[in-house]
Amino acid sequence: MYTYRLVLLGFGAVGQGFARLLRDKADDLRVRYQFGAQIVGVYTRRASLFDPTGLDTSALLHAAQGGGLSAYPGSPKLRRDLDAAAMIAHPEADTLILATPTDLADPGPAVAQVKRAFQAGKNVITVNKAPIATAYPELSALAKDAGLFFGYEGVVMGGTPAVRLAQEALAGSRISEIRGVINGTTNYMLSRMEAGASYAEALAEAQAKGYAETDPTADVEGYDAAGKLIILIALLFGQTLRLDQMDCHGITEIGPQAIAEASAAGERWKLIASARLTDGKVEASVKPIRLPLSDPLAGVEGIMNAVTYVTEEMGGVTLTGAGAGGVPTGFAVLSDLLALHRKRLAGAG
Ligand code: HSE
């Protein structure tokens with residue numbers, strides 16, 4: 001039995017979804033995997049909580065859903081004065097969970113937090129996409145050199161294992177193309193608009209359900225999907241692409257009329273992310289496309305996402321599953337922690 005000691009930066013929908021899973025599955029995880037985890041620190045823009053004896057997960061969730069984390073009750077060892085840097089490097093913690101909002105326009109702070117954690121000898125699990133989208137080669141080398149775990153399953157398709165499928169199950173195959181629906185918010189909105197909701201109603205629902213980014217512009221203008229595509233290109237093709245090197249369009253111009261026209265023609269709008277590797281060159285785009293209903297991606301509705309990896313050996317390998325939301329993405333953090341635990345048990349991490 002080993003108990004990991006976690007510091008969470010960010011406690012929004014994903015941080016809370018993860019905390020709920022950790023609380024509700026604690027007994028099961030102990031019995032099945034000899035795994036335990038304690039949240040010892042939570043840092044957000046408004047609150048800082050650190051208790052080396054472990055924070056009370058139910059009380060954290062209760063406070064977050066009520067008056068905010070500053071309403072978390074006091075306890076003998078509780079500290080409310082640590083800044084993010086002190087918490088990341090705290091000797092009583094061993095793993096950083098980076099669940100802060102993604103800002104692809106200003107990735108510096110998130111990248112620096114991951115580096116600081118590795119320099120302090122901590123494992124890192126990130127659901128913030130910025131470090132992977134902008135600094136994956138450097139950060140993964142740092143983790144490797146330090147013998148630390150670097151988990152990022154949640155950066156593409158939440159807890160649906162798009163990353164582990166590509167990096168582990170498909171290791172050894174040659175992937176030449178990636179194509180998918182990889183933004184949950186816009187897919188949910190398109191489905192809701194097809195059912196009669198207005199654009200504003202559909203977006204408000206996606207925000208209320210915890211699917212959208214803190215700034216939903218990233219979702220509706222295609223940048224979230226583009227960021228995920230850049231990540232898949234880095235992981236699968238080993239190439240670094242910037243947002244401005246990609247043709248990127250969102251769904252802001254898809255209104256009721258466009259949806260009705262597609263429907264009348266037996267088609268459906270989908271925000272499609274695609275990348276192809278030809279002779280070492282990558283061509284990538286994110287744009288709304290009218291797909292015939294016979295296309296498998298046309299049937300991916302609501303919060304579901306799907307990605308197809310076109311391999312030389314097996315043709316297309318497709319994965320479908322929930323792509324956003326607090327618990328589905330929180331599950332990615334748990335899945336990474338269990339991967340860390342397996343490595344630890346195997347003596348490699
Ligand atoms: N805002 C993102 C989405 C969250 O809607 O897909 C998951 O990355």
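Taken residue by residue, the stretch 197-205 has at least one member that is in a loop (DSSP other than H, G, I, E, B), closer than 21 Å to P288 by Cα and away from the ligand (no atom under 16 Å from the Cβ).
Taking the stretch 19-29 on its own, how many of its residues are open to solvent by less than 60 Å² (accessible area, probe 1.4 Å) and within 20 Å of T126 (Cα to Cα)? Residues that pass the stated criteria total 3. Scanning the stretch 122-159 for residues that are in a strand (DSSP E or B) and β-branched (V, I, T) yields V124, I125, T126. Would the stretch 87-94 turn up any residue that is within 19 Å of E138 (Cβ to Cβ), among the aliphatic types (A, V, I, L, M), more than 15 Å from the chain's Cα centre (by Cα) and in a helix (DSSP H, G or I)? Checking the stretch 87-94: at least one residue is within 19 Å of E138 (Cβ to Cβ), among the aliphatic types (A, V, I, L, M), more than 15 Å from the chain's Cα centre (by Cα) and in a helix (DSSP H, G or I). Do we have any residue at all in the stretch 236-244 that's in the same structural domain as E301 (by TED's automatic domain parsing), surrounded by fewer than 19 Cβ atoms within 10 Å (Cβ to Cβ), outside any helix (DSSP H, G or I) and β-branched (V, I, T)? Yes, some residue in the stretch 236-244 is in the same structural domain as E301 (by TED's automatic domain parsing), surrounded by fewer than 19 Cβ atoms within 10 Å (Cβ to Cβ), outside any helix (DSSP H, G or I) and β-branched (V, I, T).
Annotation: of all residues in the stretch 30-64 being without any contact (Cβ under 8 Å) to a residue 12 or more places away in the chain and outside any loop (DSSP other than H, G, I, E, B), the one that is surrounded by the most Cβ atoms within 10 Å (Cβ to Cβ) is A63. The residue of the stretch 160-189 that is nearest to V317 (Cα to Cα), among those that are open to solvent by 10 Å² or more (accessible area, probe 1.4 Å) and in a loop (DSSP other than H, G, I, E, B), is L170.
Would you say T3 is touching a strand residue (DSSP E or B) at 6+ places or on another chain (Cβ under 7 Å) and polar (S, T, N, Q)? It is true that T3 is touching a strand residue (DSSP E or B) at 6+ places or on another chain (Cβ under 7 Å) and polar (S, T, N, Q). Here A260 passes the criteria (1) more than 16 Å from the ligand (Cβ to nearest atom); (2) open to solvent by 50 Å² or more (accessible area, probe 1.4 Å); (3) modelled with pLDDT of 95 or more; (4) aliphatic (A, V, I, L, M) except the one numbered (3). Counting the residues of the stretch 95-141 that are touching a strand residue (DSSP E or B) at 6+ places or on another chain (Cβ under 8 Å) and either away from the ligand (no atom under 16 Å from the Cβ) or farther than 20 Å from V333 by Cβ (or both) gives 11.
Taking the stretch 315-349 as the range and being modelled with pLDDT of 95 or more, aliphatic (A, V, I, L, M) and assigned to a helix (DSSP H, G or I) as the test, the residues that pass are V327, A332, V333, L334, L337, L338, A339, L340. The single condition from (1) in contact (Cβ under 8 Å) with a residue 40 or more places away in the chain; (2) under 18 Å from G302 (Cβ atoms); (3) surrounded by fewer than 21 Cβ atoms within 10 Å (Cβ to Cβ); (4) of a type outside the set (V, I, T) that D215 fails is (2). Looking at the structure I just gave you, is K281 surrounded by fewer than 15 Cβ atoms within 10 Å (Cβ to Cβ), of a type in the set (K, R) and more than 15 Å from the ligand (Cβ to nearest atom)? So K281 fits the description; yes.
Can you confirm whether Q16 is open to solvent by 10 Å² or more (accessible area, probe 1.4 Å) and more than 14 Å from V333 (Cα to Cα)? Walk me through it before giving the result.
Working: open to solvent by 10 Å² or more (accessible area, probe 1.4 Å): yes; more than 14 Å from V333 (Cα to Cα): no.
No, not satisfied.
Results for (1) within 15 Å of the ligand (Cβ to nearest atom); (2) open to solvent by 70 Å² or more (accessible area, probe 1.4 Å); (3) under 30 Å from A208 (Cα atoms), shown as yes or no for each residue.
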site: S294; (1), (2), (3): no, yes, no
site: G299; (1), (2), (3): no, no, yes
site: G302; (1), (2), (3): yes, no, yes
site: T308; (1), (2), (3): no, no, yes
site: T329; (1), (2), (3): yes, no, yes
site: R342; (1), (2), (3): no, yes, no
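Restrict the check to the stretch 321-339 and report whether at least one residue is charged (D, E, K, R), closer than 21 Å to L235 by Cα and under 22 Å from the mean Cα position of the chain (by Cα). Please lay out each step first, then the result.
First, the residues of the stretch 321-339 that are charged (D, E, K, R): 336.
Retained after the next criterion (residues that are closer than 21 Å to L235 by Cα): 336.
Next, only the ones that are under 22 Å from the mean Cα position of the chain (by Cα) stay: 336.
Checking the stretch 321-339: at least one residue is charged (D, E, K, R), closer than 21 Å to L235 by Cα and under 22 Å from the mean Cα position of the chain (by Cα).
The values are calculated or read from the model by the stated rules, or taken from the named source; none is laboratory data. No experiment lies behind these values; they were computed from the predicted model shown. Note: ideal-geometry Cβ built from the backbone for every residue, glycine included; neighbour counts use all protein chains shown. Just so you know, the surface numbers come from the protein's heavy atoms only, side chains and all, with ligands and any DNA or RNA stripped out. Shrake-Rupley method; radii C 1.70, N 1.55, O 1.52, S 1.80 Å.
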